[in-house]
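Since the structure comes first, as structure tokens, the remarks are kept for the end.
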Amino acid sequence: MREQEAVAAVQEKREPRVVRDFHPHTLRHTFATRCFENKMEPKVV
């Protein structure tokens, strides 16, 4: 997968976009943070 992105980046003359090690739990925290930033009630989140 990384090789495909590297090849595509060279062809499109741009920097490769690589996502580092990622865990679904990260999304949970990001979602909660964004909800709180938008004034959602903690009980709802």
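The values are calculated or read from the model by the stated rules, or taken from the named source; none is laboratory data. What you see is a predicted model, and the numbers here were worked out from it, not measured in a lab. A quick note on method: Cβ atoms are made from the backbone with ideal geometry, for glycine too, and the neighbour counts reach across all protein chains shown.
One residue stands out in the stretch 1-28 among those that are outside any loop (DSSP other than H, G, I, E, B), over 11 Å from the mean Cα position of the chain (by Cα) and loosely packed, with under 10 Cβ neighbours inside 10 Å: the one that is modelled with the lowest pLDDT, namely ARG2.
Among the candidates PHE31, PHE36, the residue that is within 16 Å of the chain's Cα centre (by Cα) and assigned to a helix (DSSP H, G or I) is uniquely PHE31.
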